[in-house]
Amino acid sequence: MICSLPRPRRVILTHRAFAWTNLARWVVFGVVMFALSPAGRAEAVPTPPVMPLPAEWSYRAGRLAFTPAFTVAMTGHDDARLQASIDGLLQRWNERTGLVLRRGPATAAALLIECGAPGPEIPQLGEDESYTLEVDASRAVLRAPTSTGGLRGLATLQQLLQSDADGWQLPAIQIRDHPRFAWRGLLVDVSRHWMPIEVIKRELDGMALVKLNVLHLHLTDNQGFRVESKRYPRLQEFGSDGHYYTQDQIRAIVVYAAARGIRVVPEFDIPGHTTSWLVGYPELAAAPGPYAIERHWGVFDPVMDPTNKALYRLLDGFLGEMTGLFPDPYLHIGGDEVNGVQWNNNARIQQFIREHGLKDNAGLQAYFSRRVLAIVAKHGRKMVGWDEILTPGLPTDAVIHSWRGPESLARAAQQGYAGILSNGYYIDLIHPAAEHYRVDPLPADTPLTSAEQRRVLGGEGTMWAEWVTPETVDSRIWPRMAAIAERLWSPQPVAAVDDMYRRLAVVSRRLDEAGMRHEAYLDPMLHRLAGDDATPAEILALRAVVDVIEPVKGYHRGDFQPETTQASPLTGLADCARPDSPVALDFIRRIDQFLFTPGEHDPAAAAALARQLTAWHTAAQDLVQNLAPRSPRVREIAPLLLGLADTCGVGEEALQAVADRRPCSDEWRREKLATLTQAGQPRAAVEFMIVPPLRRLVCAAAAGAQRAALTPEAWRQMIEQVAAVPSDKGT
Ligand code: ACM
């Protein structure tokens, strides 16, 4: 895809140590790219199966076949991080191909990697991440001005290796790639549920594969203080249950991330979200203690007292200590969700507000933010904070992290602040990848001027950890985070959702190879849930059930499981379930194809769909009849399994009616929709992904007689409209 977006600031051809200043090559390349622009590109050319999709790419004729003689070499700049990354690539390729690929001399290398210079030792915002890749039938050449671009190109290569009947190969392709946004992050909340260092390293491996470059560690919150302070040890001693990163571990995380071209931005969320600080230092609070680590989820009253001079002394000492651990120029101070209860109830604080002309609690928080910004600046860092820190008078070197909406990001940019978008990228809310993918920090119709647009640095997916543990966290991050990574890296016109899902299925396997646990988590969890008596066939049946459900979305999980605390095991069916189940997505796609493809309904498709529904129906019934009596936890979910069986039953009946062209009455439709509403309602904090497509199927069965008289588009619109009626009373 050609894009007219600004190029990276560094001009790749002028780099000192770059040996290949062959301008003609790029003139030709540019002409070819232009010819293959979206206007000129044949519809049929599939996008390469990589995420994020490169900024510019074009296939050539042929392929580079992998044989045992395939060797890899480096020329130009060489450093440890490139070497390690090449080793990683070869290991993955070897594991995939079964070959033993080796290093060799540059002259004979099938893959030549040529970097111009080292990237910064500690990755920097806005550094050059560009690279080019040229693959033809004889060799692949990866070139980059810096080793950071080299890492990005190696990530592309890792994904690009494919197999078919003729063996393993790289397609012949020319790629010229660079990121659209400089800040492409993943926030991991390690406070609500503790995430040991192995988890963090794993996620960094996944991030590197999809070219994310910021790990935002949400290190402190009401439920845990997760970093060692040597100056104020009561913070972790009283606030963490012993679960915190030692300073050596933090240094190890920073080094591990830097080796992958990833910055680490720490967040210390203040002045609210601070119960865990106040356990060891109750005198910093706006209300007398004692305090205990919060074990529930929500927004709570404990808050720091911004009128307390000792607070700023501690913050100065603590943040100064942290800047010794975290080299990134940006430091996140949170600032979100102060509910004001403790400030309202404290007469001295209210008097301070009056005396200092601060007007109200928001004014007090603005006062606090300004003082903290001065401390952060004193330690040579730029302050980042959530939307709430944006109050009149805030110096414009603060960075606004927007979680409440894209409007606040735009407003911040208009007022002169740099900003990052996370609203729309809350992966903890279990929304489909498609929804996140549609969210653009700078949509095509942005009202921002080009100067304002440059202030939009990028975005971050947020893995808030109320409902995840180290066991399940990958299934919430991956593969959906790859869709967000693409939104932040690839040109703005790269937006086709179906194509994204096609490539997401491939990158999901690559992420699995790279050690992510978003597939591997499931079997052990199902065995544990099923209990000791379950047979292999019953485990398979349970897996089939998990394929059609997903955890309830948004903030609703707590409605189903209000007793949950930090101590509750997250090992139930809702934890086994994952967003965007590939099997369910495929079923939904096939139902819609069956219903909305113009012409006669395809009887083979109907039969395949019916077989699928019957398989789920049978699995659910068998589990209730045979496993539930022997398994305490399956017994608990029997009502849900019965609901699934009834839901599938409706689908089977409707499918038969459509396939037989048997007319169904409005009364039949109403009855079946009511059954779907009743049987398919969310239970045990999970919902059935197949209910909406089955509603369409039922409505299509009832409206079959009208199909011939309508255009395909009108038919689709009518069915979608009727099926979406929430009350089941629609006609
Ligand atoms: C937030 O979600 N409160 C930043």
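Which value results for Rg/Rh of the range 311-455 when Rg is the Cα radius of gyration and Rh the Kirkwood radius based on the inverse mean 1/r?
That ratio is 1.01, to two decimals.
Given an 8 Å cut-off on Cα distances and at least 6 residues of separation, report the relative contact order of the chain as a percent.
Details: 1390 pairs, mean separation 75.3, N = 731.
Contact order relative to length: 10 percent.
Quote the convex hull volume per residue of the chain, based on C-alpha atoms, as a whole number of Å³. Don't skip to the answer; put the middle values down first.
Details: hull volume 132.6 nm³, N = 731.
In the chain, the Cα convex hull volume per residue is 181 Å³.
Among the lysines, which fall within straight-line cross-link reach of Lys359, defined as a Cα-Cα distance under 24 Å, with same-chain neighbours fewer than 8 residues apart omitted?
Lys309
What full-extension length gain, to one decimal in nm, is calculated for Gln415 and Thr677 as 0.36 nm per residue of separation minus the Cα-Cα distance? Spell out each step's value before the answer.
Working: separation 262, 0.36 × 262 = 94.32 nm, distance 4.77 nm.
Length gained, Gln415 through Thr677: 89.6 nm.
Can you give the FRET efficiency to the nearest 0.05 for Ile197 and Lys230, using r as the Cβ-Cβ distance and R₀ = 25 Å? Mind showing how you got there, number by number?
Values: r = 18 Å, r/R0 = 0.74.
Working from the Cβ atoms, E equals 0.85.
Ala451 to Asp602: FRET efficiency via 1/(1 + (r/R0)^6), r the Cβ-Cβ distance, R0 51 Å, to the nearest 0.05? If you can, show how the numbers build up before the last one.
Values: r = 54 Å, r/R0 = 1.06.
It comes to 0.40.
Determine the calculated [θ] at 222 nm for the chain from helices alone, applying -39500 (n - 2.57) to every DSSP H run no shorter than 4 residues and normalising by the residue count; nearest 500 deg cm²/dmol. Could you put the intermediate results ahead of the total?
Numbers: 28 runs with 309 residues, N = 731.
One gets -13000 deg cm²/dmol as the mean residue ellipticity at 222 nm.
Take the Cα atoms of the range 576-672, build their convex hull, and give its volume per residue in Å³. Before the final figure, lay out the partial values.
Numbers: hull volume 11.4 nm³, N = 97.
Spelled out: Cα convex hull of the range 576-672, divided by residues, is 118 Å³.
Specify which residue in the list Ala366, His356, Trp343 is farthest towards the positive end of the charge dipole of the range 335-374, using unit charges on the beta carbon of Lys, Arg (+1) and Asp, Glu (-1), about the Cα centre.
About the Cα centre, the residue reaching furthest to the positive side is His356.
Just grab the label-to-label distance for Ala61 and Arg438, each label 7 Å out from Cα along the Cβ direction, in nm (one decimal).
If labels sit at Ala61 and Arg438, their model points lie 4.2 nm apart.
Multiply the residue separation of Ser665 and Glu513 by 0.36 nm, subtract the distance between their alpha-carbon atoms, and state the gained length in nm to one decimal. Intermediate values should be presented prior to the final figure.
Details: separation 152, 0.36 × 152 = 54.72 nm, distance 5.12 nm.
Residue separation times 0.36 nm, minus the Cα-Cα distance, leaves 49.6 nm.
Take Trp478, Trp668 and order them by how many other Cβ atoms sit within 10 Å, fewest up front. Don't skip to the end; give the middle numbers.
Details: Trp478 27, Trp668 16.
Least to most surrounded, the residues fall as Trp668, Trp478.
Taking H placed 1.01 Å from N in the peptide plane, check which residues at least 5 places from Arg103 or on another chain put their amide H under 5 Å from its amide H.
Long-range HN contacts for Arg103: Val72.
Order of Met481, Met516 from fewest to most other C-beta atoms within 10 Å? Could you put the intermediate results ahead of the total?
Numbers: Met481 27, Met516 24.
Final ranking by Cβ density, sparse to dense: Met516, Met481.
For Val658, Val439, Val255, what ranking results if the residue with the fewest other Cβ atoms within 10 Å of its Cβ goes first?
Ranking Val658, Val439, Val255 by Cβ neighbours within 10 Å, fewest first, gives Val255, Val439, Val658.
When the Karplus curve 6.51 cos²θ - 1.76 cosθ + 1.60 is applied with θ = phi - 60°, which whole-Hz ³J(HN,Hα) does each residue of the range 232-248 get, with x for Gly and Pro?
Result, rounded to whole Hz: 10, x, 5, 4, 7, 5, 9, x, 10, 6, x, 9, 8, 7, 5, 5, 5.
We did not get these values from a lab; they are worked out from the coordinates using the rules stated. Because the structure is predicted, anything quoted here is derived from the model rather than measured. Reconstructed Cβ throughout: ideal geometry from the backbone, glycine too, with neighbour counts over all protein chains shown.
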